[in-house]
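In what follows, a single structure is set out as structure tokens and then discussed.
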Amino acid sequence: MLRLLLSGPGRRGGTRGWAFSSWRCHLPQAGLLSAMELVNQWTAVFEKEGIPEARESSEYIVAHVLGAKTFQSLRPALRRQPLTPGQLQCIQELSCRRLQRMPVQYILGEWDFRGLNLKMVPPVFIPRPETEELVEWALEEVALRPRAADAQEGPLILEVGCGSGAISLSLLSRLPQSRAIAVDKGDAAICLTRENAQRLHLQDRIQIVPLDVTLEGSWAHLLPWGPLDLIISNPPYIFRQDMEQLAPEIRSYEDPAALDGGEKGMDIIEHVLALAPRLMKDSGSIFLEVDPRHPELIGSWLQSRPDLSLNLVAVRRDFCGRPRFVHIQRSGVRGGCPVDVQPGPLPARVPR
């Protein structure tokens, strides 16, 4: 879930109005500056103020104002061309937000996830590169499953904790016959998932439901849509003791409810696993993104709940080699030691 999970001490919520020590936001003194010169200038400012990934941050901001996704995609001539006063003003305003440790995704108001351009607004959780690997693994497993010759529809998918809708919408875009149900207890997440579904023209294939899976009987609201083939989630899984050590970009801007998994990071994970058998088909699968300490905890927890008929069948490592994803299957699958699956290719670096 987090590429830069732990980064220095601080108090959650205490940095939103940070005063930066020596830099005051103002327009550049020079009359004419090119995009390249402005990137260099703001990189130096960010580095001086201790902003992570200073150059990447300045490049994304300048490129965004010039109508490009990346600085490298700008034509060389455009990089050398003097910027207008309006462009300089806009870059200055966005860069000042970065100095306040606002994540680049929120500053730009959009971000790509597996080729889909998604709107981003605080405090809705920002999808990480690791989560793209979770989606890819789920797609690989779906492709391996036999499909009845007369089957008219693809899998029915439930995403728990949809946030921006990144996981559900990515799966729908790759599985044209599939349908999805996306649930989240946060109003902002529900609204953002709905908006992203509409901008991607996927709204007719997804049900977006405000739902708190920790509430008794909440699962009953999902029964009318039929038995599920797949449950997928990047749930809150950070150990509560680790919350105070999160980077300021995370601590100050993202919803803590999307991060805090309780004492052992297992609170929401246990609720998802407990409700899954009531909603899934006999051969249904669960794919979760978790803390590297969780696969062992999940295996032990499932052994203590034989009534759920769930088996941990595989653990997959992320691109840093950490056990980050689990595949759990209902009944019909032989128990035993889960398979340790190696990671896929390394995603692009993302500034936060």
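The values are calculated or read from the model by the stated rules, or taken from the named source; none is laboratory data. Bear in mind that the values here come from a model prediction, so they are computed numbers and not experimental data. Glycine also receives a Cβ, built like all others from the backbone with ideal geometry; neighbour counts cover every protein chain displayed. Just the protein is used for accessible areas: all its heavy atoms, side chains included, with ligands, DNA and RNA removed. Shrake-Rupley method; radii C 1.70, N 1.55, O 1.52, S 1.80 Å.
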**Q.** helices (runs of 4 or more DSSP H) (entirely within segment 99-218) containing at least 2 residues that are of a type in the set (A, V, I, L, M) and modelled with pLDDT under 95
**A.** 129-144
Q. Is one or more of the residues making up segment 245-254 open to solvent by 30 Å² or more (accessible area, probe 1.4 Å), aliphatic (A, V, I, L, M) and not in a helix (DSSP H, G or I)?
A. no
Q) Which residues, taken from segment 219-238, are in a loop (DSSP other than H, G, I, E, B) and over 19 Å from Thr131 (Cβ atoms)? A) Gly226, Pro227
**Q.** Residues that are part of a helix (DSSP H, G or I), of a type outside the set (Asp, Glu) and open to solvent by 30 Å² or more (accessible area, probe 1.4 Å), drawn from segment 36-64
**A.** Met36, Asn40, Gln41, Ala44, Lys48, Arg55, Tyr60, His64
Q: Please enumerate the residues belonging to segment 289-331 that are crowded, with 21+ Cβ neighbours inside 10 Å and hydrophobic (A, V, I, L, M, F, W, C).
A: Val290, Ile298, Leu310, Leu312, Val315, Phe325, Val326, Ile328
(Q) I'd like to know if segment 297-305 contains one or more residues that are in a strand (DSSP E or B) and polar (S, T, N, Q). (A) no
(Q) Here's a check for you: in segment 98-135, which residue that is more than 16 Å from Ala197 (Cβ to Cβ) and of a type in the set (Lys, Arg) is surrounded by the most Cβ atoms within 10 Å (Cβ to Cβ)? (A) Arg98
